[in-house]
Amino acid sequence: MDANDITAVLKCDDYDSDRIYEKLTEMSRLIGLSVGGIRGKRVVIKPNLLLAYPPEKAATTHPAVVGAAARLFSDLGAESVIIAESPGGIYNEKNLDRIYRITGMADAAESSGAVLNRDMSFREFSTPDGKVSKTVNVITPILESDVIVNICKMKTHSLAIMTGAAKNLFGVIPGIAKFEMHARFKKPEDFFSMVIDLDTALASGHELINICDGIVGMEGDGPSGGTPKPAGVLLMGRNPFCLDCVSARIMGLEGRVRLTELAASRGLCPEKESDAAVAGVRAEDVGCGNFALPDTALARKFRLIPPFLQPRPVIDKKICRGCGMCVKSCPQHTISMKNGKAGISHDRCIRCYCCQELCTFRAVKIKKSFIYRFTE
């Protein structure tokens, strides 16, 4: 067993910051993280800050977890601790400050002594061993760090079924460049392969520590339109793919997460989620019950049927506020505004579900054909 593949799992039922700090400290010991490995290093904490959602929506990493992690790495001797993320939408200081404030990151930074990133620059990052991608733009604070602390949120996801540690690192790509990556890698398998290329390249040049906030996750139509789901658990590990295997077991998603299957085919994690090494509480003993699936979950099972019978995003005109976020976020430019409401041209839609992910009003719904409804 490779010690770097161990995932620490501990129960934690609430967002008391001192209790979370104790749990993170214990998990750091379980995975062999020591003062000697952190002292004098530049640490960047990369949470999931999808959009400007308050913590109770369970769409973003909870500030109590981020603050506790910042305290831990500061106590381990880090030279500096920076909180950095490129949320969905436009990557500028005004948008970032708003997201920091609403998600609670500003409070987390103030209470822990961490610094909020306001460097909007990015650089081309080489992924020389990538299967589908050789270069990608990455925000500067990530590239200038020695240690990346990747803190994901335990959530279901319309495209990936589950978003965990591996998918969370896609957020190091700046702003609307994420939509360009969806346009470049239209097929889900190519997109997931690109994420794996990025993750492995980041891990080869930085020490990578992954944490999953599963105290309250999200089920259903995640990553933003689902329902909060108490799971009462925290996870920590060096290998994001192994951690995601354990998360999938806890969530009841074994055999459904294509990204980890592709990672397993490269030898990056076990082929069976149950073979992932765990320290602390066993995955089956977390006892939170299965997470409800997103409405798109059957798409993979029926992937060979014609596109017009596949699930597709539709705009609920009664809910749509005409903000235009879906228009800006669509990598295929299939969405337009008419009479103050959005509309989707489905002949060019690649079903990346960026529109659903980034709609703060939950006006984007998933329409399923009779084939899917018949199987439910």
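Throughout, read-outs are computed from the coordinates displayed, never taken from laboratory work. What you see is a predicted model; the values in this text were computed from it and never measured. Heads up, the Cβs are rebuilt from the backbone with ideal geometry, glycines too, and the neighbour counts pull from every protein chain shown.
What to note about this one:
- Whole-Å distance, taken between Cα centres, linking region 191-243 and region 88-145: 16
- Calculated FRET value between GLU26 and ASP129, using beta carbons and R₀ = 35 Å, to 0.05: 0.50
- Spin-label model distance (nm) - SER336 vs ARG362, 7 Å beyond Cα toward Cβ: 3.1
- With 0.36 nm allotted per residue and the present C-alpha distance subtracted, the HIS346-ASN290 stretch has 16.9 nm of extension available.
- Per-peptide average of other Cβ atoms within 10 Å, ordering 42-50, 251-259 highest first: 42-50, 251-259
- Cα centroid separation, region 38-62 to region 339-367: 26 Å.
- Between THR227 and SER265, the modelled labels are 3.5 nm apart [label points 7 Å from Cα along Cα→Cβ].
- Inter-label distance, nm, simple model (7 Å from Cα along the C-beta direction), ASP275/LYS187: 2.5
- Fully extending the segment from SER34 to ASP2, taken as 0.36 nm per residue of separation minus the present Cα-Cα distance, adds 9.8 nm.
- Sparse-neighbourhood loop sites, chymotrypsin sites (Phe, Trp or Tyr not before Pro) in region 244-353 - DSSP loop, at most 16 other Cβ within 10 angstrom: PHE302
- Highest to lowest packing among 28-37, 192-201, scored as the average C-beta count within 10 Å: 192-201, 28-37
- Cross-link pairs beyond the 31 Å C-alpha cut-off, checked among LYS46/LYS318; LYS131/LYS155; LYS46/LYS367; LYS94/LYS155; LYS23/LYS187; LYS134/LYS367: LYS46/LYS318; LYS46/LYS367; LYS23/LYS187; LYS134/LYS367
- Relative contact order (%) - the chain, alpha-carbon pairs under 8 angstrom, separation at least six: 19
- Protection-proxy order for peptides 5-17, 211-223, each taking the mean of Cβ atoms within 10 Å per residue, highest first: 211-223, 5-17
- Length added when fully stretched, ALA177-SER204, from 0.36 nm per residue minus Cα-Cα: 7.4 nm
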